[in-house]
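S.K.: Here it is, the structure in full.
The values are calculated or read from the model by the stated rules, or taken from the named source; none is laboratory data. Keep in mind it's a predicted model, so treat the numbers as computed, not measured. When we count neighbours, we look across all protein chains shown, and the Cβ atoms used for this are built from the backbone with ideal geometry, even at glycine. What goes into the accessible areas is simple: the full protein's heavy atoms, side chains included, and nothing from ligands, DNA or RNA. Shrake-Rupley method; radii C 1.70, N 1.55, O 1.52, S 1.80 Å.
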Amino acid sequence: MRVAYINTVCGFSSTGKITQLLASNNNIESKIYYGRKSYDGNLNTFKFNNLVGNSVHALSTFIIDNHGYMSGFETEILIKDLKKFDPDIVHLHNLHGFYLHVGKLFEYLKQSRAKVVWTFHDCWPFTGHCAYYDWIGCDKWKTKCFNCPAYLSYPPTFNKLNVNKNYERKRMTFTSLPNLTLVTPSNWLKTQISMSFLKDINTKVINNGIDLSVYHPVLLNGVNSNQKQIIAVASYWTKQKGFDDLVLFSKLLADDEHLTVIGLNKKQFKAFDNKVTCIQRTSNQSELVEFYSKANFFINFTYEDNFPTVNLEALACGCPVITYNTGGSAEMLTDSTGFIVEKGDFKHALSIIRSNPKINRNDCVKQASLYSRDKMINDYISLYYEVLK
């Protein structure tokens, strides 16, 4: 079985790591096609765009909101190599990110013998512009996008006049394949698709998984048991990820409560006082495991998310989660492993922390075991065989 993977990046960020992981399976012959960053591993890869092409695409997006319909020459290079590789399955991931002309790609896919699997990591494929709309409360995408309230959000544009045009050409492009199967990491996103112009396309849920050989409780010496340890983690912090809420929450902490925030830039350090330990983004998984393991609670005040693996990482280390009911953020939680609070209800979050709820940390670990990396891989391989029948 030959599988071609197409994603913005390879081996970098959550989507790039998932793509790399799937392509590493020994049961398939794989090739990863990507258009940004660099990859120095030993997988079979092909980078078909470059910094100049990415920059032109980004500039076009900013000026006329042409995102996803630029980089035509680079996409033809991709298609030429795809024809040589002749995959049985083309597995699409993020098609946005200033690197690809989706119209040209789908014209090739319509003529190809390959079956197509497309994993949605956000909502961009069925909106006229944005990747998420939860944080702004917009539901225009259900019928027709216009006068976009999120035009300055990713992918940012100065011109919101083409939002309806983008919506219509995405609808025409993405509903044109008879051999397409959609995958979502969360039930929430599957429900969103069922209300979009993609509602008639077969959609399956395959949850994101984590490496349980890395994320598990560790014994720590010198932990101050008299102080409540709270942790928040993100790859980067924005308003949509809950940064502003986190700052407000930190102002309400008592003397015996301490917050550690990981993923901040140095400018964001200034927003917090001495009750908060500020740490920049880290790729050191062992360090993350130690922070999760010593924390009493993990908080996730995200306003937009699909199926956040940070929640799973915390659970796997025995740390219960407090989160907003945003996207799929609460889907992996049970009554004995986490708590849901209303957006901005910091007093409720603190009342949970201060009430010393009887959480069995082993229950958290057991719940996380349902979302292993191996299960995710096996679910995808089973899907490949299913679509090839």
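S.K.: For the chain, build the charge dipole from Cβ charges (+1 Lys, Arg; -1 Asp, Glu) around the Cα centre, then report which of Thr61, Leu219, Phe291 sits farthest towards its positive end.
M.R.: Thr61
S.K.: Report the semi-axes of the equivalent ellipsoid for segment 65-114 in whole Å, largest first, where each axis is √(5λ) for an eigenvalue λ of the Cα gyration tensor.
M.R.: So the three semi-axes of segment 65-114 are 19, 11, 9 Å.
S.K.: Now, a different point. Run the simple label-point estimate for Lys358 and Glu290 please: 7 Å along Cα→C-beta, distance reported in nm.
M.R.: Here the answer is 3.4 nm between the modelled labels.
S.K.: In angstroms, what radius of gyration and Dmax does segment 82-137 have, counting Cα atoms only?
M.R.: So, for segment 82-137, Rg and Dmax equal 13.5, 45 Å respectively.
S.K.: Something else about it: Regarding segment 283-388, what's the average projected area of the Cα-atom convex hull, expressed in nm²?
M.R.: Mean projected area for segment 283-388: 7.9 nm², to one decimal.
S.K.: Report the charge-dipole magnitude of the chain in Debye, nearest 20, computed about the Cα centre from +1 at each Lys and Arg Cβ and -1 at each Asp and Glu Cβ.
M.R.: Using Cβ point charges on Lys, Arg, Asp and Glu, the chain gives about 780 debye.
S.K.: Something else now. Please work out how much length the chain gains when fully extended from Asp335 to Ser24, using 0.36 nm per residue of separation minus the C-alpha to C-alpha distance, in nm with one decimal.
M.R.: That works out to 108.4 nm of additional length.
S.K.: Report the residue, chosen from Asn274, Asn362, Asn300, that carries the largest GNM mean-square fluctuation when the chain is represented by alpha-carbon nodes joined by springs under 10 Å.
M.R.: Its mean-square fluctuation being the largest, the pick is Asn274.
S.K.: While we're looking at this one, here's another question. Going by amide H atoms built from the backbone, whose H comes under 5 Å of the H on Tyr324, apart from near neighbours?
M.R.: Those lying under 5 Å, H to H, from Tyr324 are Asn300, Thr302, Val341.
S.K.: A follow-up question, please. In whole angstrom, note down how far apart the Cα centers of segment 1-32 and segment 269-299 are.
M.R.: A separation of 30 Å, based on Cα centres.
S.K.: Then there's this: Using 19 Å as the cut-off for backbone N distance, which residues of segment 292-323 belong to the label zone defined by a point 7 Å from the Cα of Asn187 along Cα→Cβ?
M.R.: Residues 305-309, 311-312, 321-323 qualify, since their backbone N sits under 19 Å from the label point.
S.K.: Based only on the alpha carbon positions, what is the Kirkwood hydrodynamic radius of segment 86-236, in angstrom?
M.R.: It works out to 17.9 Å.
S.K.: In vacuo Debye scattering of segment 3-114, one point per C-alpha: log10 I(q)/I(0) at q = 0.13 Å⁻¹?
M.R.: Taking Cα atoms of segment 3-114 as identical point scatterers yields -0.44.
S.K.: Got a number for the accessible area of Glu29? Probe 1.4 Å, square angstrom, nearest 10.
M.R.: 100 Å²
S.K.: From the residues Ala254, Gln240, Phe197, which one has its Cα farthest along the dipole of segment 166-258 in the positive direction, the dipole being from +1 and -1 charges on Cβ of Lys/Arg and Asp/Glu about the Cα centre?
M.R.: Positive-most Cα among the choices belongs to Phe197.
S.K.: Could you point to the label whose value was computed as mean projected area of the Cα convex hull in nm² for the structure here, given [x] 22.0; [y] 20.0; [z] 19.0?
M.R.: Given [x] 22.0; [y] 20.0; [z] 19.0, the structure-derived one carries the label [z].
S.K.: Now, a different point. How far apart, in nm, are two points set 7 Å out from the Cα along the Cα-to-Cβ line at Lys17 and at Ser55?
M.R.: It works out to 3.0 nm between the two label points.
S.K.: Tell me which residues come under 5 Å, amide H to amide H, from His91 once H is placed; ignore anything under 5 positions away on its chain.
M.R.: Correct list: Ala4, Tyr5, Ile6, Val117.
S.K.: Using a 10 angstrom cutoff on alpha carbons, build the Gaussian network for the chain and name the most mobile of Ile359, Ile322, Ile89.
M.R.: Comparing Ile359, Ile322, Ile89 in a Gaussian network model of the chain, the most mobile one is Ile359.
S.K.: While we're looking at this one, here's another question. Rounded to the nearest 500, what is the chain's calculated 222 nm mean residue ellipticity when only DSSP H runs of at least 4 contribute -39500 (n - 2.57) each, over all residues?
M.R.: -10000 deg cm²/dmol
S.K.: Could you calculate the contour length gain from Asn147 to Glu386, that is, 0.36 nm times the residue separation minus the distance between their Cα atoms, to one decimal place in nm?
M.R.: Taking 0.36 nm per residue and subtracting the Cα distance, the gain is 81.9 nm.
S.K.: Could you give me the ³J(HN,Hα) list for segment 266-277, computed from phi with Karplus coefficients 6.51, -1.76, 1.60 and θ = phi - 60°, whole Hz, x at Gly and Pro?
M.R.: 4, 5, 6, 3, 5, 7, 10, 9, 6, 7, 10, 9
S.K.: Would you mind checking Lys228/Lys267; Lys80/Lys142; Lys170/Lys239; Lys84/Lys241; Lys165/Lys190 for any pair whose Cα atoms are more than 32 angstrom apart?
M.R.: Lys80/Lys142; Lys84/Lys241
S.K.: Choose one answer from Leu288, Leu333, Leu219: the residue with the largest mean-square fluctuation in a GNM of the chain with alpha-carbon springs under 10 Å.
M.R.: The residue that fluctuates most here is Leu219.
S.K.: Okay, moving on. Probe 1.4 Å, all protein chains in place: accessible area of Asp86 in Å², nearest 10?
M.R.: Looks like 60 Å² after rounding.
S.K.: Moving on. Under the 0.36 nm per residue contour assumption, what length would be gained going from the current alpha-carbon distance of Ser176 and Asn325 to full extension?
M.R.: Length gained, Ser176 through Asn325: 50.3 nm.
S.K.: With +1 on each Lys and Arg Cβ and -1 on each Asp and Glu Cβ, how big is the dipole of segment 118-203 about its Cα centre, in debye rounded to the nearest 20?
M.R.: The calculated dipole for segment 118-203 is roughly 260 debye.
S.K.: Residues in segment 306-331 near a label at His348, defined as backbone nitrogen under 19 Å from the 7 Å Cα→Cβ point?
M.R.: Taking a point 7 Å out along Cα→Cβ of His348, the residues of segment 306-331 whose backbone N falls under 19 Å are 320-331.
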